[in-house]
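Undergrad: One structure, as structure tokens, below. Some questions next.
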Amino acid sequence: MTRQADVFYRNRLAGRLTELPDGYRFVYDESYLADGPAISLTLPLQAEPFESETLFPFFAGLVPEGWYLKIVSPTIKVDEHDTFGLLMKTCGDCIGAVSLREVSCDPGDGASAHGKRGSLATDLSNVGQKDGDD
């Protein structure tokens with residue numbers, strides 16, 4: 001199954017990141033190309049898609065790492081080696097101008113799966129609490 005995430009720059013749709021069977025693709029949105037800035041120096045504005053066998057370093061750098069990854073991964077129930085999954089679940093409201101929203105599996109419903117599951121802040125709100133704690 002192909003997974004996709006819409007990429008936003010300052011809450012404006014900038015493009016779409018896709019996980020392919022043999023790598024990754026990022027393509028800028030056509031309307032964004034008209035007057036939007038590049039989201040990264042390594043992803044300059046261009047109409048042609050960027051393709052790579054590995055996740056683009058710009059996006060991989062947005063994913064939690066180290067001790068924080070050890071907390072986040074089990075909390076949001078995403079394998080710590082699933083970098084694309086972590087990216088989709090943790091970067092809806094990450095630090096900086098770029099954010100990502102998972103594209104719904106059903107293109108006809110108009111809703112994103114990220115919105116249905118909740119944000120990382122919501123998912124992490126109970127970290128450290130024991131059952132029965134208020």
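Throughout, read-outs are computed from the coordinates displayed, never taken from laboratory work. Quick caveat: nothing in here was measured; it's all calculated off a predicted structure. All Cβ positions, glycine included, derive from the backbone under ideal geometry; neighbour counts span all protein chains shown.
Undergrad: Taking amide H positions as placed in the peptide plane 1.01 Å from N, state which residues far from Ala38 in sequence (5 or more) or on other chains have amide H under 5 Å from it.
TA: Amide H neighbours of Ala38, under 5 Å, 5+ apart: Leu45.
Undergrad: So, one more: Would you please classify the overall shape of the stretch 23-62 from the alpha carbon gyration tensor, given that a ≥ b ≥ c denote the square roots of the eigenvalues, rounded means a/c under 1.5, and beyond that prolate means a/b larger than b/c while oblate covers the rest?
TA: Because a/c hits 1.5 or more and a/b fails to exceed b/c, the stretch 23-62 counts as oblate.
Undergrad: Another question, if that's okay. Which cross-chain or sequence-distant (5 or more) residues have an amide H under 5 Å from the amide H of Val103, H modelled 1.01 Å from N in plane?
TA: Answer set, sorted by chain and number: Gln4, Ala5, Asp6.
Undergrad: Here is a follow-up. Per-residue HN-Hα couplings for the stretch 25-33, Karplus 6.51 cos²θ - 1.76 cosθ + 1.60 at θ = phi - 60°, whole Hz, x for Gly and Pro?
TA: Once rounded to whole Hz, the list reads 9, 10, 9, 6, 5, 4, 5, 5, 4.
Undergrad: Modelled label-to-label distance, Leu13 and Asp82, 7 Å Cα→beta-carbon offset: nm?
TA: Result: 2.5 nm between the two label points.
Undergrad: Further question: Residue by residue through the stretch 52-67, what is 3J(HN,Hα) from phi via Karplus (6.51 cos²θ - 1.76 cosθ + 1.60, θ = phi - 60°)? Round to whole Hz and write x for glycine and proline.
TA: Result, ordered by residue: 8, 6, 10, 4, 3, x, 4, 6, 4, x, 7, 7, x, 9, x, 5 Hz.
Undergrad: Okay, moving on. Based on other C-beta atoms within 10 Å, arrange Ile39, Ile76 from fewest to most.
TA: So the ranking, lowest neighbour count to highest, is Ile76, Ile39.
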